[in-house]
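The values are calculated or read from the model by the stated rules, or taken from the named source; none is laboratory data. On a predicted model such as this, the values are computed, not experimentally measured, just so you know. When we count neighbours, we look across all protein chains shown, and the Cβ atoms used for this are built from the backbone with ideal geometry, even at glycine. Just so you know, the surface numbers come from the protein's heavy atoms only, side chains and all, with ligands and any DNA or RNA stripped out. Shrake-Rupley method; radii C 1.70, N 1.55, O 1.52, S 1.80 Å.
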Amino acid sequence: MFSEIKEYLDDPIEAFQLRLKNDKNPNKLDLGLGIYRDEAGEVATLSSVREAEQRLASRPTDKGYRSPMGNAVYIERMEKLLFQSSLENQPEMGVQSIQTPGAGAGCRVGAEFVKRLSPTSRVWASIPNWGHQLEFFENAGLELKYFPYYDLENSRFQFSEMMSALEEMQEGDVLLLHGCCNNPTGQDPSLEQWRAIAELCSSKGVLPFVDIAYQGYGDGVDEDLLGMQLMASLVREMIVVVSSSKSFTIYRERAGLLSLISNDKAGSLNNAYRLLRDVARGNYFMPPDHGAEIVAEILGDEALSAEWRQELDVIRERIYSLRALLRDTIEAMDPSQDASYLVQQKGMFSCLPLSPEQQMEMEQKYGIYMLPNARINFAALAKDKAERVAKALLAIKNNNN
Ligand SMILES: Cc1ncc(COP(=O)(O)O)c(C=O)c1O
């Protein structure tokens, strides 16, 4: 059977990793992978997470099965973190959630849930987008449609183009949005723009599907939820997927939340939840528990929660200072450049204004590696690398102009 595969093309992210691995240049610089690294380049674990793990290890525990819905305490505390203020203000709103093995699995299960209920729904995704995210929807058998979101060449949010394209959405379609710190562009809508998107979804009967993977990396733990919460107050139903990977630095532990929101909680929310449970069980049976236990421990303890929030403040401020440093370095080297987009965007990522050919030149001439769409991760930049990146970027841009 395996010999049926004659040739297999790696997807762009796998191909990038292979090129990086095979490059023997000792000074190669990996700005690609989307995890948080500290100034020393280490994938550091938050001390609130280490403290939570120690507490868990010191307690008697069993390793019995939980359920396809995962860890109930994690669900309860995550729901409180995400939706408490909305639930207080919207008496008709109901939320039902499951714990998933991360937001990736949440997208996949959410996509299959939609496919089961509405097989002809189309999923509207931005150009550019995080490639892996689209696979989850395609693999569930849903048709993808695209809308312009960000002009890579001119580093510009294409909000009006996006809204015109979304006029084509039909009732029952799904609109895929990133709740904060857009991957790959770092470009988030303002609250006013969130409102306009929500009103469009509401008038067209479109289901928003909001993926929040970087809570705390944009404006703050609570502030990063405002767009999603505004959306939840204006539409009838929506799906929200949240990752605990980056916000708690527990990437490989695999914990995330998938929530069904309805502003008619007396309606079919409970049946929808049972379908969601069955879809999850049919995919992976049950999610792993350790990451969910860590998060539940932190969120259930006031002091530990405060420490976690402070640690995210430090991460966020460091990322912002690296954004400002790269902007200042580029503009100081070439005053004709306007790199202000770097400090207006949120979270770890930005796309540098480089064509695919120019991006390859960055790799081959300067050993600087980025993900597709010239996406860089500021957390991988470190202070002493900004000059090297700015120099290479300007050399390539100015040569080719
Ligand atoms: C937008 C987005 N959603 C989901 C994920 C995956 O998150 P998790 O590790 O929770 O599966 C990522 C990770 O890069 C992401 O950027």
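Can you work out which of the residues in the stretch 371-401 that are small (Gly, Ala, Ser) and more than 24 Å from Ile13 (Cβ to Cβ) is nearest to the chain's Cα centre (by Cα)? Working first, answer last.
First, pick out the residues of the stretch 371-401 that are small (Gly, Ala, Ser): 374, 379-380, 382, 386, 390, 392, 395.
Now restrict to residues that are more than 24 Å from Ile13 (Cβ to Cβ): 386, 390, 395.
Working: Ala386: 24, Ala390: 26, Ala395: 32 Å.
Residue satisfying both the conditions and the ranking: Ala386.
Within the stretch 210-218, is even one residue away from the ligand (no atom under 12 Å from the Cβ), more than 27 Å from Val314 (Cα to Cα) and open to solvent by less than 40 Å² (accessible area, probe 1.4 Å)? I'd like the intermediate steps shown before the answer.
Applying the first criterion (away from the ligand (no atom under 12 Å from the Cβ)) to the stretch 210-218 yields 216, 218.
From what's left, more than 27 Å from Val314 (Cα to Cα): none.
Among the residues of the stretch 210-218, not one is away from the ligand (no atom under 12 Å from the Cβ), more than 27 Å from Val314 (Cα to Cα) and open to solvent by less than 40 Å² (accessible area, probe 1.4 Å), which makes the answer no.
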Exercise. Return only the number of the condition from (1) surrounded by 24 or more Cβ atoms within 10 Å (Cβ to Cβ); (2) under 23 Å from Tyr273 (Cβ atoms); (3) not hydroxyl-bearing (Ser, Thr, Tyr) that Asp224 does not satisfy.
Key: (2)
Quiz item: With (1) more than 14 Å from the ligand (Cβ to nearest atom); (2) closer than 30 Å to Glu311 by Cα as the list, and Leu9 as the residue in question, which single condition is left unmet?
Solution: (2)
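Go through the stretch 246-279 residue by residue and tally those that are aliphatic (A, V, I, L, M), in contact with a Leu (Cβ under 8 Å, 6 or more places away or on another chain) and part of a helix (DSSP H, G or I).
Keep residues of the stretch 246-279 that are aliphatic (A, V, I, L, M), which gives 250, 255, 257-258, 260-261, 266, 269, 272, 275-276, 279.
Still in the running and in contact with a Leu (Cβ under 8 Å, 6 or more places away or on another chain): 257-258, 260, 269, 272, 275-276.
Subsequent filtering for residues that are part of a helix (DSSP H, G or I) retains 269, 272, 275-276.
Residues that pass the stated criteria total 4.
Just to be sure, is Glu143 more than 20 Å from Ala213 (Cα to Cα) and either at pLDDT 95 or above or hydroxyl-bearing (Ser, Thr, Tyr) (or both)?
On the way: more than 20 Å from Ala213 (Cα to Cα): yes; either at pLDDT 95 or above or hydroxyl-bearing (Ser, Thr, Tyr) (or both): yes.
Answer is yes for this residue.
From Leu56, Leu33, which residue is outside the structural domain of Leu393 (by TED's automatic domain parsing) and either surrounded by fewer than 17 Cβ atoms within 10 Å (Cβ to Cβ) or under 19 Å from Lys246 (Cβ atoms) (or both)?
Going through Leu56, Leu33 in turn, just one is outside the structural domain of Leu393 (by TED's automatic domain parsing) and either surrounded by fewer than 17 Cβ atoms within 10 Å (Cβ to Cβ) or under 19 Å from Lys246 (Cβ atoms) (or both): Leu56.
Every residue in the stretch 239-249 that is of a type in the set (Val, Ile, Thr) and either open to solvent by less than 10 Å² (accessible area, probe 1.4 Å) or near the ligand (Cβ under 9 Å from one of its atoms) (or both), please.
Step one: of the stretch 239-249, the residues of a type in the set (Val, Ile, Thr) are 239-242, 249.
Within the stretch 239-249, Ile239, Val240, Val241, Val242 qualify.
Of all residues in the stretch 333-389, which are among the β-branched types (Val, Ile, Thr), touching a strand residue (DSSP E or B) at 6+ places or on another chain (Cβ under 8 Å) and in a helix (DSSP H, G or I)?
Within the stretch 333-389, the subset among the β-branched types (Val, Ile, Thr) is 343, 368, 376, 389.
Add one more test, that the residue is touching a strand residue (DSSP E or B) at 6+ places or on another chain (Cβ under 8 Å), and what stays is 368, 376, 389.
The one that is among the β-branched types (Val, Ile, Thr), touching a strand residue (DSSP E or B) at 6+ places or on another chain (Cβ under 8 Å) and in a helix (DSSP H, G or I): Val389.
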Practice problem: Run Ser160 past the list (1) open to solvent by 40 Å² or more (accessible area, probe 1.4 Å); (2) of a type in the set (Gly, Ala, Ser); (3) within 16 Å of the ligand (Cβ to nearest atom) and report the number of the one that doesn't hold. | Solution: (3)
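Of everything in the stretch 25-66, what is assigned to a loop (DSSP other than H, G, I, E, B) and charged (D, E, K, R)? Give them in sequence order.
As a first pass, look at the stretch 25-66 and keep what is assigned to a loop (DSSP other than H, G, I, E, B): 25-28, 31-46, 58-66.
Matches in the stretch 25-66: Lys28, Arg37, Asp38, Glu39, Glu42, Arg59, Asp62, Lys63, Arg66.
For the stretch 138-145, check the following and say yes or no: at least one residue is without any contact (Cβ under 8 Å) to a residue 12 or more places away in the chain and in the same structural domain as Met231 (by TED's automatic domain parsing).
Of the residues in the stretch 138-145, the ones without any contact (Cβ under 8 Å) to a residue 12 or more places away in the chain are 138.
Of the ones still in play, those that are also in the same structural domain as Met231 (by TED's automatic domain parsing) are 138.
Yes.
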Quiz item: Checking Arg236 against (1) away from the ligand (no atom under 11 Å from the Cβ); (2) touching a strand residue (DSSP E or B) at 6+ places or on another chain (Cβ under 9 Å); (3) touching a residue at least 40 places away in the same chain (Cβ under 8 Å), which test does it fail?
Solution: (3)
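Counting just the residues of the stretch 112-134 that are closer than 18 Å to Leu258 by Cα and without any contact (Cβ under 8 Å) to a residue 40 or more places away in the chain, which one comes out nearest to the ligand (Cβ to nearest atom)? Let's see the steps before the verdict.
First pass over the stretch 112-134, keeping only residues closer than 18 Å to Leu258 by Cα: 112-117, 123, 132-134.
Adding the requirement that they be without any contact (Cβ under 8 Å) to a residue 40 or more places away in the chain leaves 115, 134.
On the way: Lys115: 19, Leu134: 11 Å.
Checked the stretch 112-134; the qualifying residue nearest to the ligand (Cβ to nearest atom) is Leu134.
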